[in-house]
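Data first, discussion second: the structure below is written as structure tokens.
Values in this text are rule-based calculations from the coordinates and carry no lab data. Note that the coordinates shown come from a computational prediction; the quantities given were computed from them, not determined experimentally. As a convention, Cβ positions derive from the backbone with ideal geometry for all residues, glycine included, and neighbour counts pool all protein chains shown.
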Amino acid sequence: MTCSFQDLKQQANQHGFRWIESIDVIDAPGFERFRTWIKRGYHGSMSYLADRQAAYENPRSILEQANTIVMLAIPYTAAESLRKHSSSKETDSDKEGNRDDLRDSECGRVAAYATGDKDYHDVIHIRLRALKKWLSARVPGSVVRGVVDTAPILERDFAAAAGLGWIGKNTLLLRKDAGSYFFLAALLTDITFEESKHEKPYTISSDHCGTCTACLDACPTQAFVEPRVLDATRCISYLTIEHRGNIEESVREKMGSWVLGCDVCQQVCPWNRMALTETLEELSSKPSMHAIDLIEILQMSEDAFRAKYRSTPLWRPKLKGMQRNAMIALANQKCASAIAWIEPFQNNEDSILSETANWAIARISQATDSP
Ligand code: SF4
Ligand code: SF4
């Protein structure tokens with residue numbers, strides 16, 4: 001039995017993957033750029049990228065028999081992120097904490113992709129597994145492997161090469177009909193699809209950024225070294241999620257109230273006027289994740305944090321990372337009521353938490369003392 005790409009497309013749509021394209025297995029088009037990026041240290045402490053560097057060159061390092069890469073995209077809700085950007089203030093309906101008296105300055109912001117109450121990897125994995133099972137049954141004896149973020153593959157490059165969109169100056173994949181609020185996933189297989197077997201190399205002519213530089217100009221931490229080159233060590237997404245150590249003082253003040261990720265370079269992108277408002281229920285934005293109660297985060301025990309956030313994106317930085325981020329956001333929002341909750345961290349045995357607490361209290365005190 002065989003499978004046409006059209007059949008696979010239909011099946012993928014049924015599993016929630018809105019866009020799907022495929023390309024023959026080739027060397028990663030952006031591999032040299034990736035190598036230079038690592039060499040310059042822009043990956044920061046994400047050593048798993050540097051350690052597996054060579055594997056990124058060709059997807060056959062993940063699946064030896066692979067002939068085809070199928071790239072899939074699945075949207076997540078942009079509406080909340082874009083609404084907040086235009087109003088730039090939380091409203092009472094954003095605050096779903098346990099406390100009725102929760103103030104704006106006690107709330108932390110979460111990037112749109114993480115405002116679902118489930119980790120997107122888990123949601124996509126389940127759907128990818130089902131699609132893989134369908135394809136394997138349709139073409140007996142075939143080899144298929146699904147990938148969401150976890151294996152060494154330059155997903156954005158292959159998505160662009162396959163024709164799913166173009167890589168914007170903000171380094172994200174963009175589509176004219178949907179902007180950039182979507183996740184990518186890949187299926188590697190030894191199956192060759194008649195309709196999509198030709199290599200479609202990504203060229204800069206597919207670029208629709210034109211003379212726009214809105215994302216480069218708006219980045220609060222000036223994390224773009226040049227168009228399409230991001231110094232992750234300055235990016236709020238990396239700092240709040242991946243980075244485990246101290247955050248440089250010069251960057252802290254620019255982080256505003258972001259405590260998990262950052263949406264600024266997507267919010268300002270004109271193509272995101274086309275961002276979709278509907279998505280799968282499991283990936284939709286949940287009010288409980290719109291504005292995180294930072295005082296509650298400071299008060300939480302490991303057990304309480306686990307019980308509330310184990311299956312959410314907040315689990316990635318763990319309680320310690322969230323407490324560090326919370327103190328920075330509270331300081332940036334000059335939240336005087338937070339001082340009493342930050343003070344106990346000044347003597348914390350963890351030097352990152354104690355140093356951040358000292359800095360946060362000094363910053364809040366300075367702001368509240370000034371006339
Ligand atoms: S996510 Fe935020 S900090 Fe990172 S590059 Fe985009 S605007 Fe800058
Ligand atoms: S903001 Fe402008 S330059 Fe940046 S990705 Fe969007 S279109 Fe491209």
- [ ] For a quick protection proxy, order the peptides 127-135, 325-333, 108-116 by their average other-Cβ count within 10 Å, most packed first.
- [x] 325-333, 108-116, 127-135
TODO: Give me D for the stretch 269-328 in µm² s⁻¹, whole number, from Stokes-Einstein with Rh from the Kirkwood sum over alpha-carbon pairs, 37 °C and 0.692 mPa s.
DONE: 245
Task: Percentage relative contact order, the chain, counting C-alpha pairs under 8 Å, at least six apart - done: 25
Task: By average C-beta atoms within 10 angstrom, highest first, the peptides 278-284, 227-233, 156-162 - done: 156-162, 227-233, 278-284
TODO: State whether the stretch 126-196 is rounded, prolate or oblate according to the following rule on the C-alpha gyration tensor (a ≥ b ≥ c being the square roots of its eigenvalues): a/c under 1.5 gives rounded; otherwise a/b larger than b/c gives prolate, and the remaining case gives oblate.
DONE: prolate
Task: Farthest positive-ward along the chain dipole, Cα basis, beta-carbon charges - from Ile69, Met289, Ile328 - done: Ile69
TODO: Among Ile241, Leu174, Ala162, flag the residue with its Cα farthest along the positive direction of the charge dipole of the chain, charges on Cβ as +1 for Lys/Arg and -1 for Asp/Glu.
DONE: Ala162
Task: Cβ charges +1 (Lys, Arg) and -1 (Asp, Glu), total dipole of the chain, debye - done: 500
TODO: Decide, for the stretch 251-302, between rounded, prolate and oblate: order the square roots of the alpha carbon gyration tensor eigenvalues as a ≥ b ≥ c, take rounded if a/c falls under 1.5, and otherwise choose prolate if a/b is larger than b/c, else oblate.
DONE: oblate
Open item on the list: Rounded, prolate or oblate, given the Cα gyration tensor of the stretch 8-81, with a/c below 1.5 counting as rounded?
Closed with: oblate
Task: Residue-averaged [θ]222 nm for the chain, counting only DSSP H segments that reach four residues, each worth -39500 (n - 2.57) - done: -9500 deg cm²/dmol
Open item on the list: Among Gln366, Ala338, Leu260, which residue has its Cα furthest toward the positive end of the charge dipole of the stretch 245-371, with +1 on Lys/Arg Cβ and -1 on Asp/Glu Cβ?
Closed with: Leu260
TODO: Distance check, please: which entries in Lys39/Lys318; Lys132/Lys176; Lys9/Lys132; Lys118/Lys286 exceed 20 angstrom between their Cα atoms?
DONE: Lys39/Lys318; Lys132/Lys176
Open item on the list: Sort Thr213, Thr77 by Cβ crowding within 10 Å, fewest neighbours at the top.
Closed with: Thr213, Thr77
Task: For the chain, projected area of the alpha-carbon convex hull averaged over all directions, nm² - done: 19.3
- [ ] Pull the list of the chain cysteines that no other Cys approaches to under 4.7 Å, Cβ to Cβ.
- [x] Cys3, Cys107, Cys209, Cys212, Cys219, Cys235, Cys262, Cys269, Cys335
Open item on the list: So if I average 1/r over every pair of distinct C-alpha atoms in the stretch 216-306 and take the inverse, what Kirkwood radius in Å does that give?
Closed with: 15.5
TODO: May I ask for the Rg/Rh ratio of the stretch 228-371, computed from Cα atoms with Rh as the Kirkwood radius, given to two decimals?
DONE: 0.99
